[in-house]
Amino acid sequence: YREHELDPATRNEVNALIKSNYNGYHFVDPEGEALYNSTILIYFLRYFVQYREFPKRLIDLNLKVDLAWVRRLTASNPQLTAAFVEQLTFYNHIRYDEVLLVEKFDVSQFFNPSFFPISFFYLGMLTKEDDFNLRLPNLNLRQIFVEYFNELHQIDVSTRYAELMQTFVNNPNLECLFAGYWAHYISQLPEAIFQQVNENFYRTTFFELCSRYLSRWFTWNVERSYPQGKSDLEFVGKYHEKFAGLRWVIEFKYISNSKLHTEKINIERFVLPVEDSEQIEGYAQGLRQEYPEARVALFVIYCFGNQGFRVFAL
C-alpha cells in the first residue's frame, strides 16, 4: 500500500475480498493457515494497483478453471456426475478416503467416479475441510460448480434476467430481486431437486446469478465470520462505484415441502421467529463495529421448498 500510494481506507475491504475469493486452500493440515491461489491473486493485485479499483470480474477468464476439466473427468457416467456436482452445490463438502489421497495412483483411477474427490483435490478445485471431508475452498470455485450444475440441468442463466438486474441497479430492492430469481431460475429446476435442496443451495445459486450481472457494482461475502457466528450472504458495494458503503446482510432459512404440508404452514401468514432476528442482529453488531460508516441493511429470506418464499427486512 505504501509503495503504490494506495488509499489505506480501502485496506480492510480489499483484504476481505481477496480472502473470500482467492484464499481457503489446505493441502496438508486443515487446521493450519490457509493458502492463496497466487496466480489469480496476482491478476487481481496488478489490476488494483494499476487502476485503483476492483476489476469487474475477479478472475481473468484466461486463468479461470475450465469447466472442460470437470466434463472430461466425469463424462463416463452422467448419473454419477450429477450426484457429485449436486453434493458440492448443496453441501459444499464431500467425503474422501485419506489413504487414496496419499497413495500412488494410475491414470485410470483418476477418471473413476469413486476417485473424483481425490482427482479434484489434485486439480486444485477441492481442499481439506477436515480428516473426512473435502470442500470447495472459496467463492470462485463455488461459482464454477454452480455453473456446471446449471449446465447439467439445462438451467438458463443468460437470456431472461437483464431487465430484472437493470431494474435492481436503478432501484435496489432485495425482495424484487429475489422474486425475479425465484420466478426465472427456481421455476426451471426439476421437481426431484427439491428433495435435496437446502438453504446453502438457495444462497449459492442466488449469489452466482447475481454475480453474473451485478459484479460491476458489488462483491459478495459468503459465511463471513463475526464474533456471534457466520453470516450467510452479504452484498458489498464496491467503494469506487455507485453503491459504495452499502452492506446488505442476508440470512437464509429453509423449510422443506414435506414440513410445509405436514405442519400446514401458511406462507403468507408466516411470522419471522424472534431467534432469527436476534441471530442476524448479532452479525450486524460485529459488522458495524468493523465498518462504522457502512449503510447496513438486514434481511432474512425463508424458502419454502419450491412453493414460495418470504423476504423479511429488519
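In table form, for the structure just shown:
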| item | result |
| --- | --- |
| Complete set of residues in the range 253-286 that are under 30 Å from Pro55 (Cβ atoms) and surrounded by fewer than 18 Cβ atoms within 10 Å (Cβ to Cβ) | Gly286 |
| Failed item in (1) loosely packed, with under 14 Cβ neighbours inside 10 Å; (2) touching a residue at least 40 places away in the same chain (Cβ under 8 Å); (3) farther than 20 Å from Gln307 by Cβ, with Asn221 passing the rest | (1) |
| The range 33-50 residues that are without any contact (Cβ under 8 Å) to a residue 40 or more places away in the chain, paired with ones that are part of a helix (DSSP H, G or I) (beta carbon under 6 Å, 6 or more apart) | Tyr36/Tyr22; Leu41/Tyr22 |
| Residue in the range 296-303 that is in the same structural domain as Pro172 (by TED's automatic domain parsing), of a type in the set (Val, Ile, Thr), within 27 Å of Glu191 (Cα to Cα) and at pLDDT 95 or above present | yes |
| Any hit, the range 177-197, residues being surrounded by 18 or more Cβ atoms within 10 Å (Cβ to Cβ), in contact with a Gly (Cβ under 7 Å, 6 or more places away or on another chain) and modelled with pLDDT of 95 or more | no |
| From Lys264, Lys253, residue being without any contact (Cβ under 8 Å) to a residue 12 or more places away in the chain and either small (Gly, Ala, Ser) or in the same structural domain as Ile193 (by TED's automatic domain parsing) (or both) | Lys264 |
| In the range 236-252, the residues that are more than 18 Å from Arg11 (Cα to Cα) and either buried (at least 20 other Cβ atoms within 10 Å of the Cβ) or in contact with a helix residue (DSSP H, G or I) (Cβ under 6 Å, 6 or more places away or on another chain) (or both) | Trp248, Val249, Ile250, Glu251, Phe252 |
| Exclusive hit being under 30 Å from Ala82 (Cα atoms) and in contact with a Lys or Arg (Cβ under 7 Å, 6 or more places away or on another chain), set Glu199, Glu251, Glu208 | Glu199 |
| Failed item in (1) modelled with pLDDT of 95 or more; (2) farther than 22 Å from Val300 by Cβ; (3) not basic (Lys, Arg), with Phe149 passing the rest | (1) |
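Residues checked against (1) free of Cβ contacts under 8 Å to residues at least 40 places away in the same chain; (2) not charged (D, E, K, R):
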site	(1), (2)
Glu129	no, no
Leu139	no, yes
Gln143	no, yes
Leu152	no, yes
Met165	no, yes
Asn171	yes, yes
Arg216	no, no
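The values are calculated or read from the model by the stated rules, or taken from the named source; none is laboratory data. All values derive from a computational prediction rather than experimental measurement. Cβ atoms come from the backbone with ideal geometry, glycine included; neighbour counts cover every protein chain shown.
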